Each structure stands twice: as C-alpha cells, then as structure tokens.
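Taking it in order: structure first as structure tokens, then the write-up.
The values are calculated or read from the model by the stated rules, or taken from the named source; none is laboratory data. No experiment lies behind these values; they were computed from the predicted model shown. Note that each Cβ is placed from the backbone with ideal geometry, even for glycine, and that neighbours are counted across all protein chains shown. When the accessible area is computed, the model is the full protein with side chains, heavy atoms only, and any ligands, DNA or RNA have been set aside. Shrake-Rupley method; radii C 1.70, N 1.55, O 1.52, S 1.80 Å.
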Amino acid sequence: MSIFKKFIKSLTSKESVDDDDTMTSNKYLPKEDMPVDEKFMLNFRQNGGKFLYCDDIDEAKSVFHQILLENNWEGKDVCCFQQHIQEIFKDAQVSFTKNKSISSFYLCDSEYLVANIGGILVSSNQLKETRVNELPEDFVVISYTSQLTNDISEGLQYIKNRGAAIPSNITTLQHFDSSKKETDNFMNYGNVTKNLYLLLIEDL
C-alpha cells in the first residue's frame, strides 16, 4: 500500500473519532520533522483543498470523470491552455477552450507542490500570462508525487535547475476555502480563493 494511502487511511480514522476536538487541539497540525508528503497533505487539507490520490493515469481519468459528475460539468466548457493535459483527458465529456470567460472550470498541471504552506506552485507554463483572479472559480489540478517540495524556495530552485528558460507569472495557489474571507488574515491579502481539486498521481 502506498505511503499516501496509508496516511489518508490513518488521518480519516483519527478524524472520525476526534472530529470534535480538531478546533481546540493542535494534535493534527504539521510538525517540522514530518515527512514532506504528510506535511503537504495536512496543510493542503487545512487550506480547504480537495485531495484525491491516484495510483496511475488511468485512475486519474476515472476520478476526473467522477468530479465531472459531482459538479454537473459533463458537456461543459473547460479552460485549459496545455495541450498535453487536453490529450490525457481527450475522452472526457467536456469541450476544451482557451476562453476563460465561458468555462465552468480550469484544468492544468503544476510546477511543484509546496509542503510547508500546503500550496501549489504554478507559472506561465500553466497560466500563460493570465492572472489567477481572471480564471474560473473552480480548478482541477493534476500533479505527481515527485513534485513534492519542502518550501517555495526549493521549488524555485528546481525550476531554475531544469535548464530551460525560467517561466514567468510564477505564483502559488494556497487558499481553497471560499467560506474564509481573504481579509480575515493580513497574510492572505492579495491572494485569490479557488475551489480546487488536486489529483495527485503516484510516480515514485
């Protein structure tokens, strides 16, 4: 069984027993010495993100279909700027477009996953030169376990070390709970909240 599945099972079990205590206890807050995968999952969930682990691409396609059904997105337009992502989901019942104003949701991959903030690092490779606040409220992001990093600095270093031209429009998605106003915390100022599904595919 994958480490992610073991952790998800463990976390779900704890939540079912101790759900009433999570607001008053620091029991489940990430610790500095946690493995990067566990730290990411805890912070990502705390940020309000929807985490969906997939063993492989085929399972990701199946999960994507379930997301379409859950949100009544079958037959709808989806904004996606990346041809290789469109190719992965070419059999899905959606119409791909680059017109963000008519799309029901936005579909992309990511640069890296940032564990210490539970965020998703993206750039012009995913967004082109579009601002995040110009995109649909709903996001579906495809990532891989090999993309996990400890912090933003590490992710940026990996981008720099790839040898290709450094992309522009680098930003981090990390606010996924629309019930929390960005102004509630000055650290959230300038960030945009998105309803986000993360399909994390095992590749290690």
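Details
- Cut-off 19 Å, label 7 Å out along Cα→Cβ of N71, residues of region 109-136 by amide N: 109-111, 119-123, 126-128, 130-136
- Computed FRET value (nearest 0.05) for E59 with I166, which takes r as the C-beta separation and R₀ as 35 Å: 0.60
- Column: log10 I(q)/I(0), Debye, Cα scatterers of region 88-187, q = 0.15, 0.16, 0.25 Å⁻¹: -0.70, -0.80, -1.44
- Accessible area of region 73-204 belonging to carbon and sulfur atoms, whole % at 1.4 Å probe: 45
- Sorted largest first, extent of region 46-150 alpha carbons per principal axis (Å): 38, 32, 26
- Label-point separation, F51 to V192 (7 Å along Cα→Cβ), nm: 2.5
- The GluC sites (Glu not before Pro) found in region 68-160 that occupy coil by DSSP, while having at most 15 further C-beta atoms within 10 Å, are E74, E129, E137.
- Between S146 and H84, the modelled labels are 1.0 nm apart [label points 7 Å from Cα along Cα→Cβ].
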